[in-house]
Amino acid sequence: MSWHERLDPELRGSFRGVEFHVERYDTQGGRRWLVHEYPRRDRPYAEDMGRKAREWRLQFFVAGDDYDLQRDALIEAIDAEEPGELVHPYLGTFSVVATEPRWSESTREGGVCTFEVTFVESGAETFPTRAVDTQRQLAQAADAFEAALSEDFASQWSVEGLLGWSLLSVERDLLAILRDLEEVVGGIAGEVAGAIRFPVNIAGIVLGGYNRLRNAVLEPVRALDLFSGNSVLGSGDAGGGRVRLSPGTPVRAARLLRDTGTSGDSVTPPIADTPERRQRARNTVAANQLNGRAAAVEASRLVAETDWVSRGDAEAAGQDTLALIDAQMGGDEPISDAVYGALVTLRAAVAEDLRARATALPGMTTYTPQRTLPALVVAHRLYGDARRADEIAVRNGVPHPGALRGGIALEVLSE
């Protein structure tokens, strides 16, 4: 079919449903270029400012016994508010506004009214959009909670007047609460023992320990070296240190933070039947709260700083983080107003960040290759992108990405 066969033989168009016959048209388009010319430079710089608004300058007419009615209808359409629909006999349909309209009639050419109108595409009115930076809000809430917990611990912890076995008992209880953290990152026991009389330093050491823990898990090679069969990450069975979660993932880090942050609950304060034991009991409670709160701070920062790949990962890490926060909010021991308020703010910030950033992410599904294939082939079959092979290999903890065993289900994104 040639071009003239695709056109209306009468070259009819319309504006807001009022028909006319097109005699001629010109179009203006292209892009907007801002040319910068600099002194003492021979080469200019042309800055692209975006596409120009399309313009169609049409010459058209209405004719016949009722041309005057058609003329009036066209004039009314041109004068109407808001953009209208232009049916162009050559180019198609557009949403336009009519500018610079002119029309003419003559006695010699009775029964005809000729128009010349420039139609400009109307586009769409857009306004600046406001988006809440939930990651930044969560990071700020974590900073505020860290300051509150450090101040609260400093007000609760005291070894003033304790000597001999009483001081050793306080130190032993503190190290027992931090034992799992010590097993994972090391070096905590010695630092805490040296700062036993300085609560602010103790809080800084514990917070730093949890930061090191998170960083260690997110480094896959380091993670494999750190966690042995005796570690809190191992299964503890006779078969050795079988890692429960894939190393190097935020989900694993959040789970470990939750396990380590609640491990101090097994250390019970002594019976407060003497002044020394009452003081020791207060310190035990304060140390346990510090351990759980420091883990909650680091888990919250993990959520804020992670660009989640799947909705399932975000939800799993979020559940562990919220569980840590809830454990601190719902404990049996009294809690100060400042700490409780910071916890409420932190919990809301975690929930809001997960809701804002994880809702639109793809979910998880399984894929079972029928035979052993390289991860590159599996990634190409699933996503059409072989570059995502590492994503599949790391998520499933495969021994070698060059050989994904056939018949074994793989966890993959559902996109």
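Descriptive notes on the structure:
- When each of 158, 310 is scored by the number of other beta-carbon atoms lying within 10 Å, the sequence from fewest to most is 158, 310.
- Comparing 204, 111, 330 in a Gaussian network model of the chain, where Cα atoms under 10 Å apart are tied by springs, the biggest mean-square fluctuation is seen for 111.
- Charge sum, other residues only, whose C-beta stays under 11 Å from residue 323's C-beta, Lys/Arg counted +1 and Asp/Glu -1: 0
- Compared with the dominant principal axis of the Cα atoms in the chain, helix 199-217 is inclined by about 60°.
- Segment 243-313 and segment 318-384 have their alpha-carbon centroids 17 Å apart.
- Under 5 Å from the amide H of residue 412 lie the amide H atoms of 365, 366, 367, each residue being 5 or more positions distant or on a separate chain, with H modelled from the backbone and absent for Pro and chain starts.
- Normalised size of the chain, defined as Cα radius of gyration per 2.2 N^0.38 Å with N residues, equals 1.65.
- Farthest towards the positive end of the charge dipole of the chain, among the residues 169, 403, 144, is the Cα of 169, using unit charges on the Cβ of Lys, Arg, Asp and Glu.
- Springs between Cα atoms under 10 Å define the GNM used for the chain, and in it the highest mean-square fluctuation of 69, 346, 149 occurs at 69.
- Sequence-ordered 3J(HN,Hα) estimates for segment 160-176 from the Karplus curve with 6.51, -1.76 and 1.60 and θ = phi - 60° stand at 4, x, 8, 9, x, 5, 5, 5, 5, 5, 4, 5, 5, 5, 5, 5, 5 Hz, glycine and proline given as x.
- Charge dipole magnitude, Cβ of K and R +1, D and E -1 - segment 134-358, Cα centre, debye nearest 20: 280
- For segment 22-37, backbone phi angles converted through the Karplus equation (6.51, -1.76, 1.60; θ = phi - 60°) give residue-by-residue couplings of 8, 9, 6, 8, 10, 10, 10, x, x, 10, 8, 10, 10, 8, 9, 10 Hz, Gly and Pro being listed as x.
- Computed over segment 286-374: relative contact order in percent, which uses C-alpha pairs under 8 Å that are six or more apart: 43
- Comparing 87, 18, 35 in a Gaussian network model of the chain, where Cα atoms under 10 Å apart are tied by springs, the biggest mean-square fluctuation is seen for 35.
- Dipole size of the chain about its Cα centre, with +1 on Lys/Arg Cβ and -1 on Asp/Glu Cβ: approximately 2020 debye, rounded to the nearest 20.
- The chain, helix-only ellipticity at 222 nm - DSSP H runs n ≥ 4, -39,500 (n - 2.57), divided by all residues, nearest 500: -15000 deg cm²/dmol
- The chain - percent relative contact order, Cα under 8 Å, separation 6 or more: 12
Quick note: the coordinates plus some simple rules give every number you see, no bench work behind them. Nothing here was measured: the structure is a model prediction, and the numbers come from that model. We place every Cβ from the backbone using ideal geometry, glycine too, and count neighbours over all the protein chains shown.
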